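Remarks on the structure that follows.
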Amino acid sequence: ISAIPKVGARNMMGSMKDLLTNPWGFFREAYEMSPALAHRRHTWQREVAEYSASVHGRKRLIMSPKVMDAYFSMIHTMDAVTPTAVWRAGYNKSMTATGGNVDEAIRYADEVVRATQPASLAKDLPRIMRSGEGQRALTMFYSYYSVLHNQARTLIQRGAVGDASVPDVILGLSTMMI
């Protein structure tokens, strides 16, 4: 929902329809076109990955690795669905806007995902989140709210200079809060 102001409701709904119609093809096509999107699923949450790696190496476990993997499977699934749906919506929007320029559509879709979805790659994290454990503990929800703040700021700026109408700004801000 937070990507709707960037890609448009029609493109987002079309993307969700494509996902529901052919889920395996939906992911396969997106991952084949975008190495960044395909790689994202391996870096989805740095802290969980670090904890998982430390647990798998221990002799005494609180929770078996298989149970832990099952516990996080829904989070992994939703983090695969959401960015891929956003990517496809951005791709479709750009294909329409550029008259079918595939390279530009892929570049734009990757940009939309990086701008609207929290990420865990070091290059995507603010300095405070790349710092020591104490500062990282204070920024547990920083990724989501950082993305939300940047989107709201961009949308308000677009409204201020006349690139977006007042109803579009209000609708965009309200969908970000859902």
- What's the extension gain from residue 73 to residue 24 if we count 0.36 nm per residue and subtract their Cα-Cα distance? 15.9 nm
- Query: Label points 7 Å out from Cα along the Cβ direction at residue 171 and residue 98: separation in nm?
  - Reply: 2.5
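Bear in mind that the values in this text are calculations on the coordinates, not laboratory data. Given the structure is predicted, the values throughout are model-derived calculations rather than measurements. No Cβ is skipped: glycine too gets one built from the backbone with ideal geometry, and neighbour counts run over all protein chains shown.
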